[in-house]
Amino acid sequence: MKPIKRILTLLSFCLFIQNSHAQANKSIEQGDLLIAPSISLFTNTNYIVGGLNGTNLIPAVSLNFEYAFHDYVSAGLEFGYSFRTYQSNFIFFIDPTRYNYSTKVFSLRASFHYLELIKNLVGEHIGGLNSEKLDFYVTLLPGFIVTDETQKWTTAAGDHKRKERTTGPSFGSYAGFRYYFSNAVAVHVEGGYGNFSRAKIGLTFKL
């Protein structure tokens, strides 16, 4: 009888583990592909040129692709782009001096979906947070940045133009939140320190 009791105890334990995981409503699973376009909300001060008047301050945009290697971990690539125009007037120039800044950022992206871990640990005990519509995560963005500056001005001697390119490493980190309207579409908000902004908002498409 003892072996039978042991087998029944083991089966009961396995069913308990299976049921506890079933109580976790997953918003992301291993094998999911996330595609997320975003727009920046607050520009970093180091991208504002002091003493110049902004004439074309278009918010930065980005696009990232992430693959879920685990229910808790996804990773992929992100590309960001920003274009800004400034001008400054000097009395010895005929026309305003114009500065165009085109910035591109190429980054690796790695995210930890910690709410999924909490769902699996405590399940229904977290109430409304145990929902397939919710995803909380933190993200790291190591990469490199390329900035092209074009300066144009006109004097009595004629038109002048100068171009310069700078490159360097970049790093960003965000805490993010997604709310899924359906199984495949969500809105996301991320806040922290990025290459362009302190926050961004966008859509996530899950394949």
- Which order do peptides 167-174, 105-112 fall in by mean Cβ count within 10 Å, highest first? 105-112, 167-174
- Message: List the residues, sorted by chain then number, that are 5 or more residues from Asp71 or on another chain and whose placed amide H is less than 5 Å from its amide H.
- Response: Gln30
- Message: Report, in listed order, any pair from Lys163/Lys206; Lys163/Lys200; Lys26/Lys104 with a Cα-Cα distance greater than 32 Å.
- Response: Lys163/Lys206; Lys26/Lys104
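Read the figures in this text as sums done on the coordinates, not as results from a lab. Nothing here was measured: the structure is a model prediction, and the numbers come from that model. Cβ coordinates were reconstructed from backbone atoms using ideal geometry, including for glycine residues, and neighbour counts include every protein chain displayed.
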